[in-house]
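In what follows, a single structure is set out as structure tokens and then discussed.
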Amino acid sequence: MTHTSRQVIGQCACGKVRLEVDVPVFWAWHDHSEATRRAQGCAYATYVGVWKSKLRIAKGATHIATYEDKKRKTVRSFCAACGTPLMYERGHSPRMINLPRALFAGRVGREPRYHIAAEASPEWAYAQEPLVPLKGYPGVMWDRRKKKPKDEGLEDFLTRFP
Ligand SMILES: [Zn+2]
């Protein structure tokens, strides 16, 4: 046998679905788009992109439900039992499939160094601001910097002086 690829297993929260991919994956990226933010329920999602031929449903295919967004030409799959997002297919790259990086506990052979739709990142996304422990709440950290006074635009200024 000349084929010597290594495989890693990813799984959903409840463990009913397991995905197996050959590594290294093709690439890894952060998606800040609004559609992904809503679908994944987080500020941004980190995906690994793999050729479809490198992915196998190792367990639980019957538990996989899909949602097709015809307008955006995307298909998102998730575990029907626990809701974990599993696969994200984009119409413009039909031979590639994207899997949430978080499904995999181990290494996948690529660091996520690319960002898509970075300009769509919401203002509430955590951007590595310095954190300190919150007194009296073990395990809670917070950003205690004072908020900057809101910038006043010229139009706001002028409306106060009719
Ligand atoms: Zn599940």
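We did not get these values from a lab; they are worked out from the coordinates using the rules stated. Not measured: the values here are computed from a predicted model. Every residue, glycine as well, gets a Cβ built from its backbone with ideal geometry; the counts of neighbours run over all protein chains shown.
For segment 6-69, a Kirkwood hydrodynamic radius built from all Cα pairs, placed in the Stokes-Einstein relation at 25 °C and 0.890 mPa s, yields a translational diffusion coefficient of 186 µm²/s.
Taking the number of other C-beta atoms within 10 Å as the exposure measure, put Lys146, Lys16 in order starting with the fewest. Show your work: numbers first, answer last.
Values: Lys146 5, Lys16 17.
So the residues, fewest neighbours to most, are Lys146, Lys16.
If you count Lys pairs in segment 1-150 whose Cα atoms are under 23 Å apart, skipping same-chain pairs closer than 8 places in sequence, the total is 9.
Only counting other Cβ atoms within 10 Å, I'd like Asp143, Asp31 sorted with the fewest neighbours first.
Values: Asp143 11, Asp31 23.
Sorted ascending by nearby Cβ count, the order is Asp143, Asp31.
Taking other Cβ atoms within 10 Å as a rough exposure proxy, Met141, Met96, Met87 sort from fewest to most as Met141, Met96, Met87. Per residue, the Cα convex hull of segment 6-123 amounts to 103 Å³.
Cβ distances below 4.7 Å define possible disulfide partners, and in the chain the cysteines left without one are Cys42.
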